[in-house]
Amino acid sequence: MKTMGIVWLSVVTVAGVGAVGGCRPKVEPESAKPAGVIKRTGAVLELAAESTVEVGTNVAAKTLEVAKDVGTATKDATGQVVEKAGEGLDKAGAAVEKVGADLQK
């Protein structure tokens, strides 16, 4: 009888271990976790790339505006220099005419 009890106890133990093992929650393999990390890292890198492109576009637009402003300022300054030079040449021409008139007297 004791042998029969040990057999039944063994059968129940094996069945219990099988039931506990089969009912245990399934754990994802370790390789699935890094894939999630890789996806999140990729998403962060994409956002960084988009931000970099946006910043680059903004910098390019600001640079273009500054270049236009500098070009306009340079053009205005050049115009003033040419105007002053013209006035100087007019005065010099008038002085030469006066000297020429004085020499003819």
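General remarks:
- Residues LEU64 and LYS84, FRET efficiency given R0 of 22 Å [Cβ-Cβ distance, rounded to 0.05]: 0.10
- Karplus-derived HN-Hα couplings along region 89-103 (A = 6.51, B = -1.76, C = 1.60, θ = phi - 60°), whole Hz, x at Gly and Pro: 5, 4, 5, 5, x, 5, 5, 5, 4, 5, 4, x, 5, 5, 5
- Translational D in µm²/s for region 30-104 (Stokes-Einstein at 4 °C, 1.567 mPa s, Kirkwood Rh from C-alpha pairs): 70
- A simple spin-label model places the labels of ARG40 and SER10 5.0 nm from each other, with each point 7 Å out along Cα-to-Cβ.
Each value in this text was obtained by applying a stated rule to the coordinates, not by laboratory testing. Remember, it's a predicted structure, so these values are computed and weren't measured experimentally. Cβ coordinates were reconstructed from backbone atoms using ideal geometry, including for glycine residues, and neighbour counts include every protein chain displayed.
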